[in-house]
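The values are calculated or read from the model by the stated rules, or taken from the named source; none is laboratory data. Source: prediction; values computed, not measured. Using ideal geometry, Cβ is built from the backbone for each residue, glycine included, and neighbour counts are taken over all protein chains shown. Keep in mind that these areas ignore ligands, DNA and RNA; they rest on the heavy atoms of the full protein, side chains included. Shrake-Rupley method; radii C 1.70, N 1.55, O 1.52, S 1.80 Å.
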Amino acid sequence: MKKILYFFIGISIISCKDFKEGVKEVHTTADTENETIEITLHVLDGGTVQVNQLELFSEDTTYTGQARGFADAYYIIKHPKGNLMWDAGLPEKLVGLPQPFTSPDGAFTVSRKDSLINQLKAIDMTVDDFKYIALSHSHFDHTGHANMLKNATWLVQENEYDFFTNDSAKVQQPDIYNSISELSNVKKLNGDFDVFGDSTVVIKSMPGHTIGHQVLYIDMGLEKPILLTGDLYHIEENRTFKRAPIFNYDIPMTKRSMEVFEAFASEKNADVFIQHSVQDFDRLKELLKK
Ligand SMILES: [Zn+2]
């Protein structure tokens, strides 16, 4: 979703916390013996998107006349080698608005209940506690509070970085540029990246929705590893029927990424969570409470 949005700053409301600690045996290439580490996952509420024109999420007329509520989650992974934030919710300027904001074209109505600082406070963290930030991609509903993690290293595909920070992008999509412009520590990726070097948290390159779109694999020692889709799929039907949004950067590229994703998910027997699915947002919160 790439709509230009302008908002006003307001008050905040405390949100609830959900997290899970997993114990995972890992070994690094340097070690001959295995080591047991703890990995914690938090799923947090970065707002909601009411999609008023669901037809935007298919190449055909399948969804014409339909509307759908989307979750807008972001995630925190605590690892002994540092903390990672995955995605950054909707813009904080939405917090405290008297009413949800509808984009000028009427396609989306968005809201966000709470600020990053409040949400982190509820889990005894601050913006300085992050070694890394990674975004599935650079659309406004994933970059919201990214700039607040100024001390973190931004893990971004090199082509995504170039696409969203070049001179014309600054002019044409200033809201997105202004949400990432202060991330000055940048590690540019070209493909998959094993964040902590032990195969527990791996960024997988899955281009198509944007030029450098990526998804996140988390093996924290639960029954199944977790696979977060980013916006490879927005809704369950699009995973089932391999439908892609009409506004994607490259639809054939998206379809190839879907094939790679499904093969990887099967190989790892991963539990797939569609990030914009309200059902999957609730399901992950429930899983993490157990
Ligand atoms: Zn999105």
So, first residue under 17 Å from Thr210 (Cα atoms) in region 256-275, second residue among the acidic types (Asp, Glu), Cβ within less than 6 Å, six or more apart or across chains; the pairs are Ile274/Asp280
Set Ile211, Ile218, Ile274, Ile203: member being of a type outside the set (Gly, Ala, Ser), open to solvent by less than 10 Å² (accessible area, probe 1.4 Å) and within 16 Å of the ligand (Cβ to nearest atom) | Ile274
Residue that is modelled with the highest pLDDT [pool: residues in region 1-35 that are open to solvent by less than 90 Å² (accessible area, probe 1.4 Å) and among the hydroxyl-bearing types (Ser, Thr, Tyr)] = Thr28
Could you please let me know if Ile176 is within 16 Å of the ligand (Cβ to nearest atom), in contact with a helix residue (DSSP H, G or I) (Cβ under 9 Å, 6 or more places away or on another chain) and either farther than 28 Å from Ala270 by Cβ or basic (Lys, Arg) (or both)?
-> yes
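Just checking, which of Leu120, Leu116, Leu149 is open to solvent by less than 10 Å² (accessible area, probe 1.4 Å) and free of Cβ contacts under 8 Å to residues at least 24 places away in the same chain? Walk me through how you get there before you give the answer.
Working: Leu116 fails: free of Cβ contacts under 8 Å to residues at least 24 places away in the same chain; Leu149 fails: free of Cβ contacts under 8 Å to residues at least 24 places away in the same chain.
After ruling out the rest, the residue left standing is Leu120.
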Pick out, from region 81-158, the strands (runs of 3 or more DSSP E) lying fully within it that include 1 or more residues that are among the hydroxyl-bearing types (Ser, Thr, Tyr), away from the ligand (no atom under 16 Å from the Cβ) and in contact with a Gly (Cβ under 8 Å, 6 or more places away or on another chain).
-> 132-134
Sort out which residues of region 166-184 are within 19 Å of the chain's Cα centre (by Cα) and either without any contact (Cβ under 8 Å) to a residue 60 or more places away in the chain or open to solvent by 50 Å² or more (accessible area, probe 1.4 Å) (or both), and write them in order of number.
-> Tyr177, Asn178, Ile180, Ser181, Glu182, Leu183
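Considering each residue of region 70-89, count those that are of a type outside the set (D, E, K, R) and farther than 13 Å from Ser136 by Cβ, and give that number.
Of the residues in that region, 8 qualify.
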Failed item in (1) in contact (Cβ under 8 Å) with a residue 24 or more places away in the chain; (2) on the phi > 0 side of the Ramachandran plot, with Lys242 passing the rest = (1)
Matching residues, region 246-271, being open to solvent by 70 Å² or more (accessible area, probe 1.4 Å) and out of contact with any His (no Cβ under 8 Å at 6 or more places or on another chain) | Ile246, Pro252, Arg256, Glu259, Val260, Ser266, Glu267, Lys268, Asn269
Selection status of Gly47, at pLDDT 95 or above, within 17 Å of Asp141 (Cα to Cα) and either in contact with a Pro (Cβ under 9 Å, 6 or more places away or on another chain) or open to solvent by 70 Å² or more (accessible area, probe 1.4 Å) (or both) = yes
Would region 258-274 turn up any residue that is of a type in the set (S, T, N, Q), within 21 Å of Asp72 (Cα to Cα) and at pLDDT 95 or above?
-> no
